[in-house]
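Asker: Have a look at this one before I ask anything.
The values are calculated or read from the model by the stated rules, or taken from the named source; none is laboratory data. Being a predicted model, the structure only gives us computed values, none of them experimental. Every residue, glycine among them, receives a Cβ derived from its backbone with ideal geometry; neighbour counts consider all protein chains shown. All accessible areas refer to the heavy atoms of the entire protein, side chains included, with ligands and DNA or RNA removed. Shrake-Rupley method; radii C 1.70, N 1.55, O 1.52, S 1.80 Å.
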Amino acid sequence: EPEVTQTPSHQVTQMGQEVILRCVPISNHLYFYWYRQILGQKVEFLVSFYNNEISEKSEIFDDQFSVERPDGSNFTLKIRSTKLEDSAMYFCASSEGYTDTQYFGPGTRLTVL
Amino acid sequence: QKEVEQNSGPLSVPEGAIASLNCTYSDRGSQSFFWYRQYSGKSPELIMFIYSNGDKEDGRFTAQLNKASQYVSLLIRDSQPSDSATYLCAVKGGATNKLIFGTGTLLAVQP
């Protein structure tokens, strides 16, 4: 069964450093998303992406965040200058269509020291 | 602020019993409703989705939706210890495809 994959599973970085989190969505899916979950808190929407453009973003997704689909398979989330409060699980998700179910990848645990 | 509310639990049920998980939402324009299961340290895994008022059954799981009361629930019949997890309710509005999650209800099924 097709799955969303994410790399790395765990990323440790120093405050102020840039990180890139990578995702490979399910191959026939057209809509891509990033969510995050701070330890003990709810899953929060960051951004949705379709047709090589951001279609929606949350207040959390400020100028330090960016997304890109650099090729036909990868979808990346870049955090330009990490802060301590960026420490969280970051989940990539994809869906076939606008209204379709979103399937989540296994997540990347980001730890900012 | 559009909210999804769930009782955080823990909800403890004996093995074989019915577990009932509840969720309310604030946005009357919400169109799609999802239940995800999340084991500790893992990602959300889709259990069921429901779009229309009424019940929807899939194996041991039944989702119930009441849009007038802005209420969605998940029943798990014949609960198993492996069902022990956090159950996340997620709601999607009509004009957006972002999911708004509740904080989740921790279910503990006692052998």
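Asker: Inside region A:91-113, can you point out the residues that are more than 10 Å from chain B (Cβ to nearest Cβ) and out of contact with any His (no Cβ under 9 Å at 6 or more places or on another chain)?
Answerer: If the condition is that a residue be more than 10 Å from chain B (Cβ to nearest Cβ) and out of contact with any His (no Cβ under 9 Å at 6 or more places or on another chain), then A:112, A:113 are the ones that fit.
Yes/no per residue for (1) in a strand (DSSP E or B); (2) among the polar types (S, T, N, Q); (3) open to solvent by less than 80 Å² (accessible area, probe 1.4 Å):
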site: A:11; (1), (2), (3): yes, yes, yes
site: A:16; (1), (2), (3): no, no, yes
site: A:39; (1), (2), (3): no, no, no
site: A:46; (1), (2), (3): yes, no, yes
site: A:92; (1), (2), (3): yes, no, yes
site: A:97; (1), (2), (3): no, no, yes
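Asker: Out of all the residues in region A:67-90, which are in contact with a strand residue (DSSP E or B) (Cβ under 9 Å, 6 or more places away or on another chain), assigned to a loop (DSSP other than H, G, I, E, B) and closer than 18 Å to residue A:36 by Cβ?
Answerer: Result: A:80, A:82, A:83, A:87.
Asker: Of everything in region B:58-97, what is in contact (Cβ under 8 Å) with a residue 60 or more places away in the chain and either more than 21 Å from residue B:43 (Cα to Cα) or more than 14 Å from chain A (Cβ to nearest Cβ) (or both)? Give them in sequence order.
Answerer: Within region B:58-97, B:78, B:79, B:80, B:81, B:83, B:93, B:94, B:95 meet the criteria.
Asker: Go through region B:81-111 and report how many residues are polar (S, T, N, Q) and part of a loop (DSSP other than H, G, I, E, B).
Answerer: The total comes to 4.
Asker: Same structure, new question: Quick one: how many residues across region A:48-66 are within 14 Å of chain B (Cβ to nearest Cβ) and open to solvent by less than 30 Å² (accessible area, probe 1.4 Å)?
Answerer: Qualifying residue count for the region: 4.
Asker: Counting just the residues of region A:67-90 that are under 18 Å from residue A:43 (Cα atoms) and of a type in the set (Gly, Ala, Ser), which one comes out least open to solvent (accessible area, probe 1.4 Å)?
Answerer: Top of the filtered list is A:88.
Asker: Okay, next question. With respect to the numbered conditions (1) modelled with pLDDT of 95 or more; (2) within 13 Å of chain A (Cβ to nearest Cβ), which one is the sole condition not fulfilled by residue B:41?
Answerer: With respect to (1) modelled with pLDDT of 95 or more; (2) within 13 Å of chain A (Cβ to nearest Cβ), residue B:41 is out only on (1).
Asker: Taking the condition among the polar types (S, T, N, Q) and part of a loop (DSSP other than H, G, I, E, B), does residue B:20 pass?
Answerer: When the stated conditions are applied, residue B:20 does not pass them.
Asker: Would you be able to tell me the number of residues in region B:30-47 that are of a type outside the set (S, T, N, Q), in contact (Cβ under 8 Å) with a residue 24 or more places away in the chain, assigned to a loop (DSSP other than H, G, I, E, B) and open to solvent by 30 Å² or more (accessible area, probe 1.4 Å)?
Answerer: Selection size over region B:30-47: 1.
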